[in-house]
Every structure is written in C-alpha cells, then in structure tokens.
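Worksheet for the structure shown next.
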Amino acid sequence: MDIFDKIHIMEERRDKVKLGGGDKRIDAQHDRGKLTARERIDLLVDEGSFVELNPFIEHRGLSFGAEGAEAPGEGVVTGYGKVDGRLIFLFSQDFTVFGGALGEMHAEKIVKIMDLAAENGAPIIGLNDSGGARIQEGVLSLDGYGKIFYRNSIYSGVVPQISVIMGPCAGGAVYSPAITDFVFMVEKTSQMFITGPKVIESVTGAKINTEDLGGAKVHSSLSGNAHFTAPTEEEVLDEVRRLISYIPSNNETKPPRKEPIKSRPLGERVDELLDVVPIDGTKVYDVRSVIQHIVDDEDFMEVQPSFAKNIVVGFGRINGDTVGIVANQPKYMAGGLDINSSDKCSRFIRFCDCFNIPLITFEDVSGFIPGVQQEHAGIIRHGAKILYAYSEATVPKITVILRKAFGGAYVALNSKAIGADLVFAWPQAEVAVMGPEGAANIIFAKEIANSDNPEATRAAKIEEYRERFANPYVASSNGIIDDVIDPRDTRKSLASALEMLRNKKKSLPKKKHGNIPL
C-alpha cells in the first residue's frame, strides 16, 4: 500500500465523517426546519476559513445496540475559523448522530476547542443541538458535562463565550449556556429546560408542550435566559456575527473600531434631541430614540429587548468606538428599577467591564419599584447588584442625566459617589432624594394642612422645592455633576469624554475576588 492508497483511505474516512448520520437523518433534520451542523458553520464563518479539528475521534467502543454502533465525528464538529477576518473557535453539535447526545469523547472534543480558544485569546461559540447526555455511557457523560462547565466558569471574563441554541438543550446541558455571556435562540425550533414536559406532567400533573415550557419566547421575555432571538437559523447566525463585530477577542484587547458611515460630524448639533424627552416628568417617551440619535449611524444592538423592558441595555458606537449603554426606559414602569431590571443591567455592566468596553448610562429614574412582592422577592439583594457592578467596574464610566435622578436609584446608576468618571446633566434634570411632589408633601406638610387652599399651597411648594433643590445646578455646585450640557451637544460631549478616558488606568484593591450579592 503506497502513500496514495493511504491518502485515499483518509479521504474516505473524512467523507464518512462529513456525512454525519447519513442522508436519511440529514433529510429529517431539514424536514424539521433545521440546518445540519456543517451548514450552520458555513453560514457563521467567513467563506473558506473553517478548519476542522479532531474529525476522527471516536467513542471507546461501547455497544449502543443494533442501530449504529458508529458515531461519525462523535456527534460534534469542532474547529476554528474567522468572522469578518477575526479568529473564532467553535463547536457545532450534530443532531443526525445519536441526536447530538453528549458522551465522553464528544465532550473531549468540545473541551479541547475551549482550551484552544482561551490559550489563543479568541471567542468560543457553541452551536447547541442535542438530546442531552448519552445515557449508554452513564457517568462518563456527566463527567464530560462537568469538564465543560468548569471551563465555562474559569474562562468567563477571559474570552467571550456565546451559546446558540438551535434545537433541544435539556437537562444538565442547559447549565453550559447559562454560564456563557450571551445566549441566542431560534424561534419555534429551539428549547431549553431542566426537565421536559413528560417529567413535569408525571411529577406535578401539569400539561405543557416543549415550546411553552422552554421556547425562545419564554426565555427571551419571561425567564431572561435568552439574550437574542430570531425567526430563522440564518437570521440568528447573522446576529451572532453582528455581536462579534462589537466585542473584543479577549480581556486583554479593546473592541474593534468601525468608522461611522453616515453620522453627522461631531461638531454638528443634534437638534432632534430637543424634542425627544418631555420636560414634564410624568410624560413617557422611548429612550431608544435618544440612544439612536447619539450612537454612530443610529446603529444600536439591544440586548434582551423583550425582558425587563424598564431598562434598556446594548451595544453601540460613538465616533467609531464600541460602548455599552444602560438606559432607563420610561415607556415601562416609568423607568423604575425592579428585580429583573437590576439583574439584567448588572450582568451587562460586568460583561462590559470584563472586556474593556466603556459604559454610558442614560438616566431617567424615579427610584426602585415599591411593593410587597418586590420586597419579599429580594429587591434589596438584587438592587445591590447594580451598585456592586458599577462600583467594581474599572472601564470608563459616563452618566448623562436626562430628566429624573431620585433616591437610591440615582446613586446606583453610576453616580459620582460609586465611581463615575464623568456625570453630565441636561438642563431639565432633577436630582434629589425624592421627587418634588413627594418631598413637598413631607417637608411642607403643616403649611399645606393649615392653608386656606391646600391644593394651591401644595402646587406652590412643589415648584419651590423643584427650583431650590431638584435642579441640576445644586448637584453641580457640589461637584456631583461635572457639567450641565445642551442636549444637542450630547454626542459631541460623550465623544470628547471617551477620547480623554481612552487610556484610563484604575485597579481595584488586591483580592481573590469580591462577593457580589447574588
């Protein structure tokens, strides 16, 4: 047998691996409206850039019964490639081979690619489509999951980790995506749950289908486990590529720059901002309009848009540089902070701090949401996460107070006291312990009660409090606000501040790690 014969054998084995579970199972995958593991990779990475690793790994010869003792590629494709010319590592589970079930060597392939990603400082992307643990391998499957979870944890904050759920992800398997930075789901074809509908019915008697239990809509709007969703696999993978364009490859590099294409010059005022935010604090508006007028090319990638809608978080660029944006959303719950919004923005803040992304906060907050349910469910503990996340963040941190900034919520949302580098305010901003209406009722209670016209007196006292205490100049005179700016100059002011803070150096006291109130 000469070298050409050996090459022929190698090519035959490789072709067999590429065929996965065979034509019938590939057709069945397509009939479900799903792509194959390799088709997904082709959509994700730059054309011709994918290099497969460990295609010939096999399980250790355990007997799996009459149907297919072989597992081509061990049910997962692993390797590296490029997205917009930047290195990424990935694994793509192959549902056509044992339903993508994870066994010892399946896990070994994933673990090896995760280690390579960390060692080479590049994002790791997991395309998940698996029936869960390979029961036939018993505890070896569980051990494989454990090795993956361990690396998810220790590489957190080292390289970005992205999970894309493209089919079932059940049982212990869901904990890997839960540890990663971002989770994408395909609407109507992907699910995540700890226990399936049949188990739930047998234990609790409740009947529910997989979509209502753990589909994309549930996790993007109710549980908060999913950060992005789209109707098709192609659209989801496009969004993954878009996200990668905003973030750095690792914790020691900065995000890639992208020069604006159609944004007006920085020196040109944005007159539209004068009409977006009503002076009247009781009137609502969409804070995303403010954001879009300020970021480059009006391009804002919102994270978790359907979950905890009273806070808006996401990525944009200002003068070419990526920024992370946190903004109160007056359209929902008057922009107040509750348990879910506290968790949502705290986690986003910590991701940005991990990966050298400056933070910009647009503030219009009346306070933390009051109520027995919120108190009993732990708003104190959850709200404290925001304080902790902002306080420990060492990236450039800038706040713009658009309108209201009251009480503990004002302090929590990147105030000067907890480490903001710069705090700007618009002229209509109100900064105080509480709103003028509530404060006047307390401070001037006797005068109002003893007045011949209590309502007129109350209105006068509210206005007096607003003029004397709630305007931005009181806070500015004490150095709590760095400048009161014309709303039309916000983009210019932020660009200048970011340039000034570009080489900011700040370190925390030496410690193993803090103890965030989880």
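FYI, it's all coordinate maths here, none of it is from the lab. This is a predicted model, so every value here is computed, not measured. Here Cβ is always computed from backbone atoms with ideal geometry, including for glycine, and neighbour counts include all displayed protein chains.
3J(HN,Hα) along region 195-206: 10, x, x, 5, 5, 4, 5, 5, 8, 10, x, 7 Hz, from the Karplus curve 6.51 cos²θ - 1.76 cosθ + 1.60 with θ = phi - 60°, whole Hz, x for Gly and Pro. Selection among Asn310, Ser49, Pro509 by position relative to the dipole of the chain gives Pro509 as farthest towards the positive end (Cβ unit charges, Cα centre).
Of His513, His30, His106, the sequence from fewest to most neighbouring Cβ atoms within 10 angstrom is His513, His30, His106. Under a 5 Å amide H cut-off, with hydrogens placed 1.01 Å from N, Gln191 pairs with Gly167, Cys169 among residues at least 5 apart or on other chains. Under a Cβ-Cβ cut-off of 13 Å, what is the net charge of the residues other than Glu298 that fall near it, where Lys and Arg count +1 and Asp and Glu count -1? Here the count lands on 0. Our note on the geometry: Cα centres of region 436-486 and region 373-415, 23 Å apart. Which one, Tyr155, Ile3, Ala117, projects farthest toward the positive side of the charge dipole computed for the chain from Cβ point charges (K/R +1, D/E -1)? Toward the positive end, the furthest listed residue is Tyr155. For Leu87, no residue has an amide H sitting under 5 Å from its own, ignoring neighbours fewer than 5 places away on the same chain, with H placed 1.01 Å from N. Put in order of Cβ neighbour count within 10 Å, fewest first, the listed residues Asp23, Asp299 become Asp23, Asp299. Start at zero, step by 10 Å, and the Cα-Cα distances of the chain spread as 4, 17, 26, 22, 15, 9, 4, 2, 1, 0, 0, 0 percent across the bins.
Each residue of region 317-332 was assigned a 3J(HN,Hα) from its phi angle through the Karplus curve 6.51 cos²θ - 1.76 cosθ + 1.60 (θ = phi - 60°); the sequence is 9, 10, 6, x, 9, 5, 9, x, 10, 10, 8, 5, 10, x, 5, 10 Hz, with glycine and proline shown as x.
Can you tell me, using C-alpha contacts under 8 Å and at least 6 residues apart, the relative contact order of the chain as a whole percent? Relative contact order for the chain comes out at 9 percent. Can you pull out the trypsin sites (Lys or Arg not before Pro) in region 440-518 that DSSP calls coil and that have at most 15 other Cβ atoms within 10 Å? Hits after loop and neighbour filter: Arg502, Lys504, Lys505, Lys506, Lys510, Lys511, Lys512. For Lys331, the residues 5 or more places off, or on other chains, whose built amide H falls under 5 Å of its own are Tyr285, Val287.
Across region 418-431, coupling constants 3J(HN,Hα) worked out from phi with the 6.51/-1.76/1.60 Karplus curve, θ = phi - 60°, read 10, x, 4, 6, 9, 10, 10, 9, 7, x, 7, 5, 10, 10 Hz, and Gly and Pro carry x. Say the cut-off is 29 Å between C-alpha atoms; which of Lys82/Lys262; Lys112/Lys397; Lys18/Lys112 go over it? Violating the 29 Å Cα-Cα cut-off are Lys112/Lys397.
When the helices of the chain are scored as -39500 (n - 2.57) per DSSP H run of n ≥ 4 and the total is divided over every residue, the value at 222 nm lands at -11000 deg cm²/dmol.
About its Cα centre, the chain has a charge dipole of approximately 1340 debye under the convention of +1 per Lys or Arg Cβ and -1 per Asp or Glu Cβ, with nothing else charged. Quick one: which of Lys109/Lys254; Lys385/Lys504; Lys309/Lys344; Lys283/Lys404; Lys258/Lys416; Lys34/Lys109 span more than 18 angstrom between C-alpha atoms? Going by Cα-Cα distance, Lys109/Lys254; Lys385/Lys504; Lys258/Lys416; Lys34/Lys109 fall outside the 18 Å limit. The charge dipole of region 374-516, taken about the Cα centre with unit charges on the Cβ atoms of Lys, Arg (+1) and Asp, Glu (-1), comes to about 1100 debye, rounded to the nearest 20. What you get for region 83-190, charging only the Cβ of Lys and Arg (+1) and of Asp and Glu (-1), is a dipole of about 60 debye around the Cα centre.
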